[in-house]
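So the structure is just underneath, and the comments pick up after that.
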Amino acid sequence: MDYLFKSPVDVDIHLDNEEERSFVDIEFEQGRKDKAPVYGSDESVKGAVMIRLKDGRKLDHNGIKIEFVGCIENMYDKGNIHEFTRSVQELASPGEMRQAQMYEFEFKHVEKPYESYFGKNVKLRYFCRVTVTRKMADVIREKDLWVYRYENEPETSNLIKMDVGIDDCLHIEFEYTKNKYHLRDVIIGKIYFILVRIKVQRMEVNIIRRETIGTPPNQYSNSETVTRFQVMDGNPNRGETIPLRMFLNGYSLTPTFRDVNKKFNVRYYLSLILIDEDQRRYFKQSEITLWRRKDEQGIVA
């Protein structure tokens, strides 16, 4: 984006092999949309900057540089952008430009410690930023890229057991085979109806995403339902068992983020909800961990 109302030059950033990469659709404030090429966390970022003069005019500048920036933007504190990684390369010394120029750059194995994330109230961005320094207003252009962090299979994944009960009225047990899932995994479980003396109208399993920003006492949380999966419609019988198979592929899920740079968390929960004929709701939640497997492209929110 050019921060000068009328820029004397056009600045374009082209990343190597950009057309061959997968892209993630991203949306900024004011509804501006873009596509960000996907990079692995250990990849170098290489490309070229093209600067073209407008109307055949020359350009006097005080230097041209490109930066690779990783930052966290908090919607509750927009003026305080936290940079956790930043590398700079000088493209040109102060001087005069009379014709279009192309400058190559490379950030070798630049640090990308976290996966990219655009949430409700927090963004974790990586971008290249070109600055043409001038006596008047600088000309600035940014280009976002999207980082995936791939993980190995967790060594352990525990069985999840939950129960919902009301004395002498309801006793239901839920069992899921594990608590850690890759983004294309399948949640497999069973629901046991041990005691049913109320009329259950329907039952569903929800995946809840909870985004938490900051630390107490200045902490903000936001929860959203990523998907609702209806398990049953109608009243179950005592002793009945209902199998559950829930495919994660296709939902807007990200890996779990825990204490990212001491700024935010993104956690996921399985929430089983029962609704009776009077629309009363009974529910139980259990946290699950999501991770990105090497062969996944994934769907990122």
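The values are calculated or read from the model by the stated rules, or taken from the named source; none is laboratory data. The structure presented is a predicted model; accordingly, all values stated were derived computationally and were not measured. So basically every Cβ, Gly included, is an ideal-geometry build from the backbone, and we count neighbours across all protein chains shown. Accessible surface areas use protein heavy atoms only, side chains included; no ligands, DNA or RNA. Shrake-Rupley method; radii C 1.70, N 1.55, O 1.52, S 1.80 Å.
Tabulated values for the structure
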{"read-out": "For Val164, solvent-accessible area (1.4 Å; no DNA, RNA or ligand), Å²", "value": "10 Å²"}
{"read-out": "Accessible area in the full protein assembly, largest first, 1.4 Å probe, for Asp233, Asp34", "value": "Asp233, Asp34"}
{"read-out": "Percentage relative contact order, the chain, counting C-alpha pairs under 8 Å, at least six apart", "value": "16 percent"}
{"read-out": "Unit charges on C-beta of K, R, D, E only; dipole of the chain, Debye", "value": "400 debye"}
{"read-out": "Dipole of the chain, positive direction: furthest Cα of Ser22, Asn218, Ile198, with charges on the beta-carbon", "value": "Asn218"}
{"read-out": "Rounded to the nearest 10 Å², the accessible area of Phe23 at probe 1.4 Å", "value": "90 Å²"}
{"read-out": "Accessible area (Å², per residue) of the chain, counting only protein heavy atoms and a probe of 1.4 Å", "value": "54 Å²"}
{"read-out": "Dipole axis of segment 122-171 (+1 Lys, Arg; -1 Asp, Glu on Cβ), positive-most option in Ile160, Tyr150, Met136", "value": "Met136"}
{"read-out": "Cα-based shape type of segment 117-174, given that a ≥ b ≥ c are square roots of the gyration tensor eigenvalues and the cut on a/c is 1.5", "value": "oblate"}
{"read-out": "Portion, in percent, of the accessible area of segment 1-78 that falls on carbon or sulfur, probe 1.4 Å", "value": "44 percent"}
{"read-out": "Accessible area in the full protein assembly, largest first, 1.4 Å probe, for Leu53, Leu15", "value": "Leu53, Leu15"}
{"read-out": "Segment 28-105: chymotrypsin sites (Phe, Trp or Tyr not before Pro) in DSSP loop, at most 16 other beta carbons within 10 Å", "value": "Phe28, Tyr76"}
{"read-out": "Lys/Arg +1, Asp/Glu -1 at C-beta; the chain dipole; positive extreme among Ser93, Tyr114, Gly56", "value": "Gly56"}
{"read-out": "Per-pair calculated FRET efficiency, R0 = 22 Å: Arg280 and Asp168 via Cβ, rounded to 0.05", "value": "0.85"}
{"read-out": "With all protein chains modelled, accessible area of Cys169 [1.4 Å, Å²]", "value": "40 Å²"}
{"read-out": "Net charge dipole size for segment 222-293 [Lys, Arg +1 and Asp, Glu -1 on Cβ; Debye, nearest 20]", "value": "540 debye"}
{"read-out": "Kirkwood Rh in Å, taken over all unlike Cα pairs in segment 159-301", "value": "16.4 Å"}
{"read-out": "Rg(Cα)/(2.2 N^0.38 Å) for segment 37-167, N = residue count", "value": "1.52"}
{"read-out": "Stretch gain in nm, segment Arg57-Asn222, where the contour uses 0.36 nm per residue and the Cα spacing is subtracted", "value": "54.3 nm"}
{"read-out": "Principal axes of the chain: Cα extent on each, largest first, Å", "value": "85, 34, 33"}
{"read-out": "Solvent-accessible ranking of His61, His14, His109, largest area first, probe 1.4 Å", "value": "His109, His14, His61"}
{"read-out": "Longest to shortest principal axis, alpha-carbon extents of segment 116-223, angstrom", "value": "79, 34, 28"}
{"read-out": "Share of carbon and sulfur in the accessible heavy-atom surface of segment 188-292 [1.4 Å probe, %]", "value": "43 percent"}
{"read-out": "Segment 48-171 - charge dipole about Cα centre, Lys and Arg +1 at Cβ, Asp and Glu -1, debye rounded to 20", "value": "1180 debye"}
{"read-out": "FRET E, pair Lys294, Tyr269, Förster distance 25 Å, beta-carbon r, rounded to 0.05", "value": "0.45"}
